[in-house]
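Visitor: Have a look at this one before I ask anything.
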Amino acid sequence: MPILVGQLARFGAVGIVGLIVDIALFNLLRVTVLSPEVIAEGPVIAKVISTSVAIAVNWIGSRYWSFRLERRRPAMRESLEFALVSVGGLLIAVGCLVVSRYVLGYTSLLADNIASNVIGLALGSAFRFVLYRTWVFDPRRPVARPAAPEHEAV
């Protein structure tokens with residue numbers, strides 16, 4: 001149980017850094033070049049961009065701090081798995097924003113932030129933590145072994 005609590009605390013700390021990056025970049029883009037007055041789909045595009053940057057920040061923090069004892073696979077494979085799970089979390093956040101804007105009709109800056117950075121983030125974080133812990137950084141998964149070199153026939 002202490003291992004889980006430690007992982008959850010480190011995951012939360014990394015998540016806070018990612019959250020700050022995500023919210024700051026989302027709002028900067030949302031009120032400037034991707035404002036809905038400039039581009040109708042601007043808030044959705046801003047969310048995809050801001051979350052993508054936050055994913056990169058979170059991968060570094062997760063690999064080298066939150067789950068540092070569990071990383072056993074090559075970085076490339078692990079990063080691809082991490083990206084796949086993170087895209088799932090991104091789709092949850094963007095989905096909440098899309099529902100809020102286009103289904104419910106809430107289009108203010110506050111509504112966009114609540115939909116994507118409160119509701120979407122909470123649901124996406126729970127999704128990501130479970131899959132990072134049970135798949136991407138699961139220490140029970142077999143370690144990837146490099147392929148044996150092939151010998152040339154003489």
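Visitor: Compute the signed sum of charges (Lys and Arg +1, Asp and Glu -1) over the other residues within less than 15 Å, Cβ to Cβ, of G88. Intermediate values should be presented prior to the final figure.
Guide: Values: positive: K47, R128, R133; negative: E81.
Summing Lys/Arg as +1 and Asp/Glu as -1 gives +2.
Visitor: Let me ask something additional. What is the angle, in °, between the Cα long axis of helix 75-98 and the longest principal axis of the Cα atoms in the chain? Nearest 10 is fine, range 0 to 90.
Guide: Once rounded, the angle reads 20 degrees.
Visitor: Related question: In whole percent, what relative contact order does the chain give with Cα contacts below 8 Å and a gap of six or more residues?
Guide: Over the chain, the number comes to 23 percent.
Visitor: With springs connecting C-alpha atoms under 10 Å apart, model the chain as a Gaussian network and identify which of R63, R141, R30 has the largest mean-square fluctuation.
Guide: So, out of R63, R141, R30, the one fluctuating most is R141.
Visitor: Per 10 Å bin from zero, what fraction in whole % of the C-alpha pairs of region 1-59 is there, up to the bin with the longest pair?
Guide: In whole percents, the pair-distance histogram is 25, 37, 22, 11, 4, 0.
Visitor: Report the net charge of residues surrounding V98, where surrounding means a beta-carbon distance below 10 angstrom and charges are Lys +1, Arg +1, Asp -1, Glu -1.
Guide: Working: positive: K47, R101; negative: E41.
Summing Lys and Arg as +1 and Asp and Glu as -1 gives +1.
Visitor: Shifting gears a bit: What value, in deg cm²/dmol to 500, does the helix sum -39500 (n - 2.57) over DSSP H runs of n ≥ 4 give at 222 nm once divided by the residues of the chain?
Guide: Numbers: 5 runs with 91 residues, N = 154.
-20000 deg cm²/dmol, from helical runs alone.
Visitor: What accessible area, in Å² to the nearest ten, does a 1.4 Å probe give for W65?
Guide: 110 Å²
Visitor: Let me ask another. How much of the accessible area of region 8-100, probe 1.4 Å, is carbon plus sulfur, in whole percent?
Guide: Working: 3420 of 4400 Å².
Carbon and sulfur together cover 78 percent of it.
Visitor: How big is the accessible area of S79 in square angstrom, nearest 10, if you roll a 1.4 angstrom probe over the protein chains?
Guide: 30 Å²
Visitor: Give the average over all directions of the projected area of the C-alpha convex hull of the chain, one decimal, in nm². Please list the in-between numbers first.
Guide: Working: hull surface 48.9 nm².
Hull-based average projected area comes out at 12.2 nm².
Visitor: Quick check on region 41-101: take the gyration tensor over C-alpha atoms, sort the square-rooted eigenvalues as a ≥ b ≥ c, and tell me if it's rounded (a/c under 1.5), prolate or oblate. Don't skip to the answer; put the middle values down first.
Guide: Working: a/c = 2.96, a/b = 2.68, b/c = 1.11.
Prolate, because a/c is 1.5 or more and a/b exceeds b/c.
The values are calculated or read from the model by the stated rules, or taken from the named source; none is laboratory data. Given the structure is predicted, the values throughout are model-derived calculations rather than measurements. Using ideal geometry, Cβ is built from the backbone for each residue, glycine included, and neighbour counts are taken over all protein chains shown. The area values use the complete protein model at the heavy-atom level, side chains included, leaving out ligands, DNA and RNA. Shrake-Rupley method; radii C 1.70, N 1.55, O 1.52, S 1.80 Å.
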